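Engineer: Handing you a structure now.
The values are calculated or read from the model by the stated rules, or taken from the named source; none is laboratory data. Please read all numbers here as calculations on a predicted model, not as lab measurements. Neighbour counts are summed over all protein chains in view; Cβ atoms, including those assigned to glycine, are modelled from backbone coordinates with ideal geometry. Keep in mind that these areas ignore ligands, DNA and RNA; they rest on the heavy atoms of the full protein, side chains included. Shrake-Rupley method; radii C 1.70, N 1.55, O 1.52, S 1.80 Å.
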Amino acid sequence: MLQERIEDQVRQFCDAWQDLNMIYEDYARSVNVPYTSLYILSLITTTKDCTQKIICEKTFLPRQTVNTIVTGFYKKKWITLEELPEDRRIKTIHLTEAGREFADQIIPQIRTAEREAMEYLTPEQRRTLLEGIRIYHDAFRSAMLHGGKE
């Protein structure tokens with residue numbers, strides 16, 4: 001009985017997570033930008049000294065996908081790539097003025113909606129939500145690495 005309830009809760013959580021992702025996907029479609037491009041653009045706007053490696057680590061997207069999107073941004077003159085002095089093979093990604101203008105047209109709506117959604121919760125609900133997700137994340141990672149309960 002308890003196992004069925006937990007499996008149902010897992011399904012509910014996964015469905016809710018998918019629904020949240022669909023909101024981002026729908027928004028990306030509404031502004032005529034592929035979801036992955038929107039996600040990467042958003043990361044570039046918030047990550048100091050952003051590199052393709054950082055984008056891959058944060059998004060779990062393949063290097064080839066990230067490179068294709070970053071190259072597309074470069075061709076549109078939305079970004080510049082600057083070599084790191086300590087390792088010239090690594091390039092940091094910086095928005096150009098045109099890239100900043102484009103990002104400023106679409107990213108603020110996401111940030112505002114995220115903030116408004118979080119503000120809808122009471123401070124206690126926010127703490128509980130964030131703590132619960134952190135605990136779930138750690139337990140899920142451990143279970144995936146160790147094949148379940150030890």
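Engineer: Under the condition of being open to solvent by less than 40 Å² (accessible area, probe 1.4 Å), part of a helix (DSSP H, G or I) and not β-branched (Val, Ile, Thr), which residue from segment 39-63 is farthest from THR112 (Cα to Cα)?
Structural biologist: CYS56
Residue-wise test of (1) surrounded by 14 or more Cβ atoms within 10 Å (Cβ to Cβ); (2) of a type outside the set (D, E, K, R); (3) not in a helix (DSSP H, G or I).
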| residue | (1), (2), (3) |
| --- | --- |
| THR71 | no, yes, no |
| GLN105 | no, yes, no |
| ILE110 | yes, yes, no |
| ARG115 | no, no, no |
| GLN125 | no, yes, no |
| THR128 | no, yes, no |
| ARG134 | no, no, no |
| ALA139 | no, yes, no |
| MET144 | no, yes, no |
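Engineer: Any idea which of ARG5, ARG89, ARG29 is modelled with pLDDT of 95 or more and either within 27 Å of HIS137 (Cα to Cα) or open to solvent by 100 Å² or more (accessible area, probe 1.4 Å) (or both)?
Structural biologist: Testing whether each residue is modelled with pLDDT of 95 or more and either within 27 Å of HIS137 (Cα to Cα) or open to solvent by 100 Å² or more (accessible area, probe 1.4 Å) (or both) leaves just ARG29.
Engineer: Here is a follow-up. Being among the aliphatic types (A, V, I, L, M), closer than 26 Å to TYR136 by Cα and surrounded by fewer than 16 Cβ atoms within 10 Å (Cβ to Cβ): is that true of ALA98 here?
Structural biologist: Answer is no for this residue.
Engineer: May I ask you to list the residues in segment 59-86 that are at pLDDT 95 or above and closer than 23 Å to PRO108 by Cα?
Structural biologist: Residues satisfying the conditions are VAL66, ILE69, VAL70, GLY72, PHE73, TYR74, LYS76, LYS77, TRP78, ILE79, THR80.
Engineer: Spot the failing condition for VAL10; the list is (1) open to solvent by less than 100 Å² (accessible area, probe 1.4 Å); (2) hydrophobic (A, V, I, L, M, F, W, C); (3) within 13 Å of the chain's Cα centre (by Cα); (4) within 30 Å of ALA139 (Cβ to Cβ), and only one is missed.
Structural biologist: Of the numbered conditions (1) open to solvent by less than 100 Å² (accessible area, probe 1.4 Å); (2) hydrophobic (A, V, I, L, M, F, W, C); (3) within 13 Å of the chain's Cα centre (by Cα); (4) within 30 Å of ALA139 (Cβ to Cβ), the odd one out for VAL10 is (3).
Engineer: Then there is this: Given the criteria touching a Pro at 6+ places or on another chain (Cβ under 9 Å), of a type outside the set (S, T, N, Q) and over 21 Å from LEU20 (Cβ atoms), does ILE69 qualify?
Structural biologist: When the stated conditions are applied, ILE69 passes them.
Engineer: Using beta carbons and a limit of 7 Å, which pairs, at least six apart or on different chains, have the first residue in segment 62-84 and under 18 Å from GLU97 (Cα atoms) and the second one open to solvent by less than 90 Å² (accessible area, probe 1.4 Å) and charged (D, E, K, R)?
Structural biologist: Here the result reads LEU81/LYS91; GLU82/LYS91, each pair linking segment 62-84 to a residue that is open to solvent by less than 90 Å² (accessible area, probe 1.4 Å) and charged (D, E, K, R).
Engineer: Right, another one. Note down all Cβ pairs under 7 Å where the first residue falls in segment 113-124 and is free of Cβ contacts under 8 Å to residues at least 12 places away in the same chain, the second is hydrophobic (A, V, I, L, M, F, W, C) and in a helix (DSSP H, G or I), and they're at least six residues apart or on different chains.
Structural biologist: LEU121/LEU129
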